[in-house]
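The values are calculated or read from the model by the stated rules, or taken from the named source; none is laboratory data. Just so we're clear, the structure is a prediction, and the values are computed from it rather than from any experiment. Every residue, glycine as well, gets a Cβ built from its backbone with ideal geometry; the counts of neighbours run over all protein chains shown.
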Amino acid sequence: MRKKIYWIEGDGIGAEIWRAARPVINAALALESGDTLEWIELPAGEKAQTETGSSLPESTLQALANATLAMKGPLGTPVGTGIRSLNVALRQGLDLYACIRPVRYFDGLETPVKHPERVNMVIFRENTEDVYAGIEYAACSPESQKLIVFLREELGAKNLRDTAAVGIKPMTEHGSKRLIRRALRFALDTGQKSLTFVHKGNIMKFTEGAFRQWGYDVAAQEFAEDTCTEKNPRPGRLIIKDRIADAMFQEALLRPEQYHVLATPNLNGDYLSDALAAQVGGLGLAPGVNMSDTLAFFEATHGTAPTIAGQDKANPGSLILCGALLLEHLGIPAAAERIRKAVAKAIAAKNVTEDLAPQIAGAKIVGCAAFGDSIGENL
Ligand code: NAI
(Lines give C-alpha, C1' and ligand atoms only; values in the text may rest on other atoms or scores of the structure.)
Protein backbone atom coordinates (compact mmCIF):
# COMPACT_ATOMS: atom_id res chain seq x y z
CA MET A 1 0.00 0.00 0.00
CA ARG A 2 1.13 3.57 -0.68
CA LYS A 3 0.49 5.93 2.23
CA LYS A 4 0.32 9.68 1.78
CA ILE A 5 2.25 11.77 4.28
CA TYR A 6 2.54 15.55 4.22
CA TRP A 7 5.81 17.06 5.36
CA ILE A 8 7.04 20.51 6.28
CA GLU A 9 10.76 21.05 5.86
CA GLY A 10 11.06 23.68 8.57
CA ASP A 11 13.56 26.50 9.03
CA GLY A 12 17.24 26.59 10.04
CA ILE A 13 18.54 23.00 10.24
CA GLY A 14 15.28 21.66 8.75
CA ALA A 15 16.62 20.89 5.26
CA GLU A 16 19.70 18.95 6.43
CA ILE A 17 17.97 16.87 9.11
CA TRP A 18 15.29 15.87 6.55
CA ARG A 19 17.98 14.84 4.04
CA ALA A 20 19.42 12.55 6.71
CA ALA A 21 16.12 11.29 8.14
CA ARG A 22 13.85 10.49 5.20
CA PRO A 23 16.01 7.72 3.65
CA VAL A 24 16.21 6.02 7.07
CA ILE A 25 12.42 6.09 7.51
CA ASN A 26 11.78 4.84 3.96
CA ALA A 27 14.36 2.05 4.31
CA ALA A 28 13.01 0.83 7.68
CA LEU A 29 9.52 0.66 6.20
CA ALA A 30 10.72 -1.17 3.06
CA LEU A 31 12.61 -3.73 5.17
CA GLU A 32 9.54 -4.67 7.21
CA SER A 33 6.59 -4.26 4.84
CA GLY A 34 5.53 -3.85 1.23
CA ASP A 35 4.15 -0.38 2.01
CA THR A 36 5.71 2.83 0.74
CA LEU A 37 5.29 6.45 1.75
CA GLU A 38 4.30 9.18 -0.67
CA TRP A 39 5.88 12.33 0.76
CA ILE A 40 4.06 15.53 -0.20
CA GLU A 41 5.72 18.80 0.80
CA LEU A 42 3.67 21.65 2.24
CA PRO A 43 4.99 25.20 2.46
CA ALA A 44 5.38 26.79 5.90
CA GLY A 45 7.95 28.93 7.67
CA GLU A 46 10.57 31.18 6.07
CA LYS A 47 10.53 29.35 2.71
CA ALA A 48 6.75 29.85 2.44
CA GLN A 49 7.06 33.48 3.52
CA THR A 50 9.49 34.11 0.66
CA GLU A 51 7.54 32.10 -1.91
CA THR A 52 3.95 32.96 -1.02
CA GLY A 53 4.11 35.99 1.30
CA SER A 54 2.68 33.97 4.20
CA SER A 55 4.57 31.82 6.71
CA LEU A 56 1.50 29.61 7.12
CA PRO A 57 -0.47 29.64 3.84
CA GLU A 58 -4.17 28.81 4.01
CA SER A 59 -3.55 25.98 1.48
CA THR A 60 -1.18 24.31 3.98
CA LEU A 61 -3.71 24.49 6.82
CA GLN A 62 -6.41 23.21 4.48
CA ALA A 63 -4.34 20.21 3.34
CA LEU A 64 -3.48 19.36 6.94
CA ALA A 65 -7.10 19.70 8.03
CA ASN A 66 -7.98 16.87 5.61
CA ALA A 67 -4.87 14.78 6.27
CA THR A 68 -4.26 11.78 8.51
CA LEU A 69 -0.43 11.84 8.56
CA ALA A 70 2.09 14.68 8.62
CA MET A 71 5.58 15.37 9.91
CA LYS A 72 7.48 18.59 10.42
CA GLY A 73 10.94 19.96 11.01
CA PRO A 74 11.35 22.91 13.39
CA LEU A 75 9.74 26.24 12.56
CA GLY A 76 11.23 29.54 13.68
CA THR A 77 9.01 32.11 15.30
CA PRO A 78 8.32 34.68 12.57
CA VAL A 79 9.28 38.25 13.34
CA GLY A 80 6.96 41.04 12.26
CA THR A 81 3.99 38.95 11.04
CA GLY A 82 0.59 38.50 12.64
CA ILE A 83 1.25 34.95 13.89
CA ARG A 84 2.71 34.74 17.42
CA SER A 85 4.01 31.19 16.93
CA LEU A 86 3.55 28.91 13.92
CA ASN A 87 3.59 25.86 16.17
CA VAL A 88 0.83 27.22 18.39
CA ALA A 89 -1.14 28.32 15.30
CA LEU A 90 -0.87 24.77 13.88
CA ARG A 91 -1.86 23.12 17.16
CA GLN A 92 -4.84 25.40 17.63
CA GLY A 93 -5.91 25.54 13.98
CA LEU A 94 -5.88 21.73 13.71
CA ASP A 95 -7.13 21.00 17.24
CA LEU A 96 -4.07 18.86 17.97
CA TYR A 97 -5.15 18.23 21.54
CA ALA A 98 -2.78 15.44 22.56
CA CYS A 99 0.96 16.08 22.74
CA ILE A 100 2.64 12.70 23.06
CA ARG A 101 6.29 12.31 24.07
CA PRO A 102 7.90 8.92 24.63
CA VAL A 103 11.01 9.00 26.83
CA ARG A 104 13.55 6.18 26.83
CA TYR A 105 17.26 5.76 27.37
CA PHE A 106 19.90 4.94 24.77
CA ASP A 107 22.87 2.96 26.13
CA GLY A 108 26.16 4.81 26.29
CA LEU A 109 24.83 8.33 26.93
CA GLU A 110 26.08 9.99 30.08
CA THR A 111 23.16 11.29 32.09
CA PRO A 112 22.64 13.12 35.39
CA VAL A 113 21.21 10.00 37.10
CA LYS A 114 22.65 6.60 38.04
CA HIS A 115 20.00 4.43 36.40
CA PRO A 116 18.61 6.20 33.33
CA GLU A 117 17.67 2.80 31.85
CA ARG A 118 14.85 2.57 34.40
CA VAL A 119 13.01 5.38 32.60
CA ASN A 120 10.65 4.18 29.89
CA MET A 121 7.55 6.34 29.86
CA VAL A 122 5.12 7.90 27.41
CA ILE A 123 3.70 11.29 28.37
CA PHE A 124 0.26 12.36 27.11
CA ARG A 125 -0.03 16.11 27.65
CA GLU A 126 -3.21 18.10 27.03
CA ASN A 127 -2.37 20.62 24.32
CA THR A 128 -5.22 23.15 24.08
CA GLU A 129 -6.34 24.21 27.58
CA ASP A 130 -4.82 25.25 30.92
CA VAL A 131 -2.02 27.80 30.37
CA TYR A 132 -2.08 27.12 26.59
CA ALA A 133 -5.41 28.96 26.47
CA GLY A 134 -3.20 32.05 26.91
CA ILE A 135 -5.67 34.10 28.95
CA GLU A 136 -3.74 36.49 31.16
CA TYR A 137 -3.65 40.19 31.94
CA ALA A 138 -0.70 42.34 32.94
CA ALA A 139 -0.37 43.75 36.46
CA CYS A 140 -2.14 47.11 36.89
CA SER A 141 -3.61 47.00 33.37
CA PRO A 142 -7.22 48.16 32.87
CA GLU A 143 -8.13 44.51 32.10
CA SER A 144 -6.66 43.07 35.30
CA GLN A 145 -8.16 45.91 37.36
CA LYS A 146 -11.59 45.21 35.90
CA LEU A 147 -11.25 41.48 36.50
CA ILE A 148 -10.06 41.98 40.08
CA VAL A 149 -13.10 44.12 40.86
CA PHE A 150 -15.38 41.51 39.27
CA LEU A 151 -13.77 38.62 41.13
CA ARG A 152 -13.97 40.42 44.46
CA GLU A 153 -17.41 41.96 44.16
CA GLU A 154 -19.28 39.35 42.16
CA LEU A 155 -17.58 36.14 43.22
CA GLY A 156 -16.29 37.03 46.71
CA ALA A 157 -12.63 36.37 45.88
CA LYS A 158 -10.24 37.16 48.72
CA ASN A 159 -6.43 37.38 48.86
CA LEU A 160 -6.38 39.31 45.60
CA ARG A 161 -4.10 42.36 45.65
CA ASP A 162 -4.91 45.45 43.57
CA THR A 163 -1.57 45.15 41.78
CA ALA A 164 -1.92 41.48 40.78
CA ALA A 165 -1.30 40.21 37.27
CA VAL A 166 -4.12 37.76 36.59
CA GLY A 167 -4.15 34.54 34.57
CA ILE A 168 -7.07 32.22 33.91
CA LYS A 169 -6.67 28.44 33.76
CA PRO A 170 -9.59 26.90 31.88
CA MET A 171 -9.92 23.10 31.94
CA THR A 172 -12.98 21.27 30.66
CA GLU A 173 -14.38 17.79 31.15
CA HIS A 174 -14.45 17.34 27.36
CA GLY A 175 -10.86 18.52 26.89
CA SER A 176 -9.49 16.42 29.74
CA LYS A 177 -11.45 13.28 28.95
CA ARG A 178 -10.53 13.10 25.27
CA LEU A 179 -6.81 13.31 26.19
CA ILE A 180 -7.17 10.71 28.95
CA ARG A 181 -9.23 8.40 26.73
CA ARG A 182 -6.45 8.46 24.12
CA ALA A 183 -3.82 7.71 26.78
CA LEU A 184 -5.90 4.80 28.10
CA ARG A 185 -6.35 3.33 24.60
CA PHE A 186 -2.63 3.62 23.93
CA ALA A 187 -1.74 2.01 27.28
CA LEU A 188 -4.07 -0.93 26.61
CA ASP A 189 -3.09 -1.37 22.95
CA THR A 190 0.60 -1.47 23.80
CA GLY A 191 0.27 -3.69 26.90
CA GLN A 192 1.53 -1.14 29.43
CA LYS A 193 1.41 -1.90 33.15
CA SER A 194 0.14 1.42 34.52
CA LEU A 195 -1.30 4.81 33.67
CA THR A 196 -0.85 7.73 36.08
CA PHE A 197 -2.79 11.00 36.19
CA VAL A 198 -0.42 13.80 37.20
CA HIS A 199 -2.22 16.75 38.78
CA LYS A 200 -2.01 19.45 41.43
CA GLY A 201 -5.51 18.78 42.68
CA ASN A 202 -4.63 19.21 46.35
CA ILE A 203 -4.39 22.98 45.73
CA MET A 204 -6.36 23.55 42.49
CA LYS A 205 -9.34 21.40 43.30
CA PHE A 206 -11.74 22.46 40.56
CA THR A 207 -9.27 22.38 37.66
CA GLU A 208 -6.46 19.89 38.36
CA GLY A 209 -8.54 18.00 40.93
CA ALA A 210 -11.30 17.66 38.35
CA PHE A 211 -8.77 16.38 35.79
CA ARG A 212 -7.93 13.55 38.21
CA GLN A 213 -11.59 12.75 38.85
CA TRP A 214 -12.52 12.88 35.15
CA GLY A 215 -9.66 10.47 34.55
CA TYR A 216 -10.96 7.92 37.03
CA ASP A 217 -14.46 8.43 35.60
CA VAL A 218 -13.36 7.63 32.02
CA ALA A 219 -11.47 4.55 33.23
CA ALA A 220 -14.46 3.30 35.24
CA GLN A 221 -17.13 4.12 32.65
CA GLU A 222 -15.39 3.19 29.41
CA PHE A 223 -12.55 0.79 30.29
CA ALA A 224 -13.87 -1.03 33.38
CA GLU A 225 -13.12 -4.52 32.02
CA ASP A 226 -9.47 -3.77 31.33
CA THR A 227 -8.41 -1.51 34.20
CA CYS A 228 -8.08 -1.61 37.99
CA THR A 229 -6.99 0.84 40.65
CA GLU A 230 -3.83 0.78 42.73
CA LYS A 231 -5.88 -0.04 45.82
CA ASN A 232 -7.61 -2.99 44.14
CA PRO A 233 -5.07 -4.45 41.74
CA ARG A 234 -6.30 -7.24 39.44
CA PRO A 235 -3.85 -9.47 37.57
CA GLY A 236 -3.45 -8.71 33.86
CA ARG A 237 -5.23 -5.35 34.07
CA LEU A 238 -3.87 -1.84 33.51
CA ILE A 239 -3.33 -0.17 36.91
CA ILE A 240 -4.73 3.36 37.11
CA LYS A 241 -3.10 5.64 39.65
CA ASP A 242 -2.61 9.34 40.29
CA ARG A 243 0.18 11.45 41.71
CA ILE A 244 0.37 15.07 42.79
CA ALA A 245 2.70 16.84 40.35
CA ASP A 246 5.49 17.70 42.80
CA ALA A 247 5.53 14.12 44.13
CA MET A 248 5.68 12.86 40.53
CA PHE A 249 8.98 14.65 39.99
CA GLN A 250 10.40 12.81 43.04
CA GLU A 251 8.99 9.52 41.81
CA ALA A 252 10.47 10.06 38.35
CA LEU A 253 13.90 10.29 39.96
CA LEU A 254 13.53 7.67 42.69
CA ARG A 255 11.22 4.99 41.25
CA PRO A 256 10.85 5.62 37.51
CA GLU A 257 10.34 1.91 36.77
CA GLN A 258 6.92 2.11 38.45
CA TYR A 259 5.57 4.54 35.83
CA HIS A 260 4.69 3.73 32.24
CA VAL A 261 2.10 6.10 30.74
CA LEU A 262 1.43 9.56 32.23
CA ALA A 263 -1.62 11.71 31.43
CA THR A 264 -1.24 15.35 32.39
CA PRO A 265 -2.79 18.78 32.00
CA ASN A 266 -0.81 21.22 29.87
CA LEU A 267 1.66 22.83 32.27
CA ASN A 268 2.57 19.73 34.31
CA GLY A 269 3.24 17.88 31.07
CA ASP A 270 5.42 20.68 29.75
CA TYR A 271 7.72 20.48 32.79
CA LEU A 272 7.70 16.69 32.99
CA SER A 273 8.48 16.08 29.30
CA ASP A 274 11.65 18.14 29.40
CA ALA A 275 12.73 16.95 32.87
CA LEU A 276 12.36 13.28 31.90
CA ALA A 277 14.10 13.81 28.55
CA ALA A 278 17.01 15.45 30.39
CA GLN A 279 17.07 12.59 32.91
CA VAL A 280 17.86 10.13 30.09
CA GLY A 281 20.34 12.57 28.52
CA GLY A 282 18.31 12.78 25.37
CA LEU A 283 16.75 16.22 24.92
CA GLY A 284 18.29 16.36 21.42
CA LEU A 285 16.93 12.90 20.58
CA ALA A 286 13.36 13.34 21.84
CA PRO A 287 10.63 12.71 19.24
CA GLY A 288 7.03 13.85 19.60
CA VAL A 289 3.63 13.68 17.98
CA ASN A 290 0.65 16.00 18.26
CA MET A 291 -2.70 14.41 17.57
CA SER A 292 -6.25 15.46 16.79
CA ASP A 293 -9.06 12.96 16.27
CA THR A 294 -8.04 12.64 12.61
CA LEU A 295 -4.43 13.78 12.21
CA ALA A 296 -1.15 12.43 13.65
CA PHE A 297 1.40 15.23 13.24
CA PHE A 298 4.94 14.08 14.10
CA GLU A 299 7.53 16.71 15.00
CA ALA A 300 11.16 17.07 15.92
CA THR A 301 10.95 18.60 19.39
CA HIS A 302 14.01 20.85 19.15
CA GLY A 303 14.09 24.28 17.48
CA THR A 304 15.73 25.58 14.32
CA ALA A 305 19.25 25.80 15.84
CA PRO A 306 20.07 28.88 13.71
CA THR A 307 23.73 29.11 14.77
CA ILE A 308 24.59 25.71 13.22
CA ALA A 309 22.16 25.75 10.28
CA GLY A 310 23.62 24.76 6.91
CA GLN A 311 26.89 23.51 8.45
CA ASP A 312 26.22 19.76 8.52
CA LYS A 313 26.43 19.80 12.32
CA ALA A 314 22.82 19.15 13.32
CA ASN A 315 21.65 15.94 14.96
CA PRO A 316 18.89 14.34 12.85
CA GLY A 317 18.03 11.89 15.67
CA SER A 318 14.81 13.52 16.83
CA LEU A 319 13.32 13.50 13.30
CA ILE A 320 14.54 9.94 12.68
CA LEU A 321 12.90 8.79 15.92
CA CYS A 322 9.73 10.61 14.84
CA GLY A 323 9.87 8.18 11.93
CA ALA A 324 9.83 5.31 14.42
CA LEU A 325 6.70 6.78 16.03
CA LEU A 326 5.12 7.11 12.59
CA LEU A 327 5.82 3.48 11.70
CA GLU A 328 4.43 2.35 15.04
CA HIS A 329 1.34 4.45 14.37
CA LEU A 330 1.00 2.73 10.97
CA GLY A 331 0.94 -0.61 12.76
CA ILE A 332 4.47 -1.73 11.83
CA PRO A 333 6.19 -1.86 15.25
CA ALA A 334 9.01 -4.06 13.90
CA ALA A 335 10.07 -1.22 11.56
CA ALA A 336 9.95 1.24 14.47
CA GLU A 337 12.10 -1.05 16.59
CA ARG A 338 14.55 -1.41 13.71
CA ILE A 339 15.03 2.39 13.72
CA ARG A 340 15.46 2.56 17.51
CA LYS A 341 18.02 -0.25 17.47
CA ALA A 342 19.88 1.44 14.58
CA VAL A 343 20.06 4.71 16.55
CA ALA A 344 21.22 2.81 19.66
CA LYS A 345 23.93 1.09 17.59
CA ALA A 346 25.14 4.39 16.10
CA ILE A 347 25.43 5.87 19.61
CA ALA A 348 27.22 2.76 20.87
CA ALA A 349 29.72 3.12 17.97
CA LYS A 350 30.55 6.60 19.41
CA ASN A 351 30.57 8.38 16.02
CA VAL A 352 27.99 11.05 16.81
CA THR A 353 27.05 14.67 16.10
CA GLU A 354 28.71 17.39 18.14
CA ASP A 355 25.73 17.93 20.49
CA LEU A 356 25.90 14.29 21.68
CA ALA A 357 29.69 13.95 21.81
CA PRO A 358 30.17 15.60 25.24
CA GLN A 359 27.84 12.97 26.73
CA ILE A 360 29.80 9.98 25.42
CA ALA A 361 33.28 9.10 26.68
CA GLY A 362 35.72 8.74 23.75
CA ALA A 363 33.24 9.96 21.14
CA LYS A 364 34.30 11.13 17.67
CA ILE A 365 32.30 13.98 16.07
CA VAL A 366 30.69 13.30 12.69
CA GLY A 367 28.37 15.49 10.59
CA CYS A 368 24.61 15.34 10.22
CA ALA A 369 24.72 13.43 6.93
CA ALA A 370 27.28 10.88 8.16
CA PHE A 371 25.34 10.25 11.39
CA GLY A 372 22.18 9.70 9.35
CA ASP A 373 24.08 7.36 7.00
CA SER A 374 25.43 5.29 9.87
CA ILE A 375 21.91 4.91 11.32
CA GLY A 376 20.72 3.88 7.85
CA GLU A 377 23.47 1.26 7.55
CA ASN A 378 22.60 -0.13 11.00
CA LEU A 379 19.03 -0.80 9.92
P1 NAI B 1 16.83 25.36 19.63
O2 NAI B 1 16.28 24.03 20.00
O3 NAI B 1 16.80 25.73 18.20
O4 NAI B 1 18.36 25.45 20.13
C5 NAI B 1 18.77 25.24 21.47
C6 NAI B 1 20.20 24.69 21.46
O7 NAI B 1 20.17 23.32 21.02
C8 NAI B 1 21.14 25.40 20.50
O9 NAI B 1 22.43 25.36 21.08
C10 NAI B 1 21.10 24.54 19.24
O11 NAI B 1 22.25 24.66 18.45
C12 NAI B 1 20.95 23.17 19.84
N13 NAI B 1 20.21 22.24 18.96
C14 NAI B 1 18.86 22.23 18.74
N15 NAI B 1 18.53 21.26 17.90
C16 NAI B 1 19.67 20.63 17.58
C17 NAI B 1 19.97 19.52 16.73
N18 NAI B 1 19.02 18.84 16.06
N19 NAI B 1 21.27 19.14 16.62
C20 NAI B 1 22.23 19.78 17.29
N21 NAI B 1 22.01 20.83 18.11
C22 NAI B 1 20.75 21.24 18.24
O23 NAI B 1 16.04 26.42 20.51
P24 NAI B 1 16.03 28.03 20.46
O25 NAI B 1 17.40 28.53 20.17
O26 NAI B 1 15.36 28.45 21.69
O27 NAI B 1 15.06 28.42 19.27
C28 NAI B 1 15.46 28.74 17.93
C29 NAI B 1 14.20 28.89 17.08
O30 NAI B 1 13.51 27.64 17.03
C31 NAI B 1 13.20 29.93 17.61
O32 NAI B 1 12.67 30.65 16.52
C33 NAI B 1 12.12 29.07 18.26
O34 NAI B 1 10.87 29.71 18.22
C35 NAI B 1 12.13 27.85 17.35
N36 NAI B 1 11.64 26.63 18.02
C37 NAI B 1 10.83 25.81 17.28
C38 NAI B 1 10.38 24.63 17.81
C39 NAI B 1 9.52 23.75 16.96
O40 NAI B 1 9.31 24.03 15.79
N41 NAI B 1 8.98 22.65 17.48
C42 NAI B 1 10.73 24.20 19.17
C43 NAI B 1 11.64 25.10 19.85
C44 NAI B 1 12.06 26.28 19.28
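A70 - would you say it is among the aliphatic types (A, V, I, L, M), modelled with pLDDT of 95 or more and within 16 Å of the ligand (Cβ to nearest atom)? For A70, the condition - among the aliphatic types (A, V, I, L, M), modelled with pLDDT of 95 or more and within 16 Å of the ligand (Cβ to nearest atom) - is met.
Within segment 107-131, the set of residues being in contact (Cβ under 8 Å) with a residue 12 or more places away in the chain and over 28 Å from L188 (Cα atoms) comprises G108, L109, E110, T111, P112, V113, V131.
Kindly provide the set of residues from segment 164-193 that are polar (S, T, N, Q) and either buried (at least 17 other Cβ atoms within 10 Å of the Cβ) or touching a Ser or Thr at 6+ places or on another chain (Cβ under 9 Å) (or both), ordered by number. Before you say what the answer is, go through the steps one by one.
In the first step, residues of segment 164-193 are kept if they are polar (S, T, N, Q); the result is 172, 176, 190, 192.
Of everything in segment 164-193, those that are polar (S, T, N, Q) and either buried (at least 17 other Cβ atoms within 10 Å of the Cβ) or touching a Ser or Thr at 6+ places or on another chain (Cβ under 9 Å) (or both) turn out to be S176, Q192.
Considering segment 100-132, the residues that are under 16 Å from S176 (Cβ atoms) and not in a strand (DSSP E or B) include one that is modelled with the lowest pLDDT, namely Y132. Of the residues that make up segment 82-99, is at least one without any contact (Cβ under 8 Å) to a residue 40 or more places away in the chain, assigned to a helix (DSSP H, G or I) and more than 16 Å from the ligand (Cβ to nearest atom)? No - not one qualifying residue is present in segment 82-99. If you go through segment 341-359 and keep only what is surrounded by fewer than 19 Cβ atoms within 10 Å (Cβ to Cβ) and within 16 Å of L285 (Cα to Cα), you end up with K341, A344, K345, A348, K350, N351, E354, D355, A357, P358, Q359. Here L160 passes the criteria (1) surrounded by 19 or more Cβ atoms within 10 Å (Cβ to Cβ); (2) touching a Leu at 6+ places or on another chain (Cβ under 8 Å) except the one numbered (1). The number of residues in segment 16-55 that are under 20 Å from A314 (Cβ atoms), free of Cβ contacts under 8 Å to residues at least 60 places away in the same chain and among the small types (G, A, S) comes to 2. Say we look at segment 45-67 and pick out the residues that are assigned to a loop (DSSP other than H, G, I, E, B) and more than 15 Å from E9 (Cβ to Cβ); which of these is farthest from the ligand (Cβ to nearest atom)? Of everything passing the filter in segment 45-67, N66 is farthest from the ligand (Cβ to nearest atom). Take the conditions (1) within 23 Å of the chain's Cα centre (by Cα); (2) more than 22 Å from G12 (Cα to Cα); L285 misses just one of them, which is (2). Pairs meeting the criteria (first residue in segment 227-253 and loosely packed, with under 13 Cβ neighbours inside 10 Å, second residue in a strand (DSSP E or B) and small (G, A, S), beta carbons under 9 Å, at least 6 apart or on different chains) are E230/S194. Consider segment 355-379 and keep the residues that are under 20 Å from A300 (Cβ atoms) and modelled with pLDDT under 95. The one that is nearest to the ligand (Cβ to nearest atom) is D355. Of all residues in segment 1-26, those that are assigned to a helix (DSSP H, G or I), in contact with a helix residue (DSSP H, G or I) (Cβ under 6 Å, 6 or more places away or on another chain) and of a type in the set (G, A, S) total 2. One residue alone among A219, A263, A277 is in contact with a strand residue (DSSP E or B) (Cβ under 7 Å, 6 or more places away or on another chain) and modelled with pLDDT under 95, and that residue is A277. Here's a check for you: in segment 154-169, which residue that is in contact with a strand residue (DSSP E or B) (Cβ under 6 Å, 6 or more places away or on another chain) and among the hydrophobic types (A, V, I, L, M, F, W, C) is farthest from E208 (Cα to Cα)? Out of the qualifying residues, it is V166. Within segment 360-375, take every residue that is among the small types (G, A, S) and under 16 Å from A314 (Cβ atoms) and give me the one that is surrounded by the most Cβ atoms within 10 Å (Cβ to Cβ). In this case the residue turns out to be G372.
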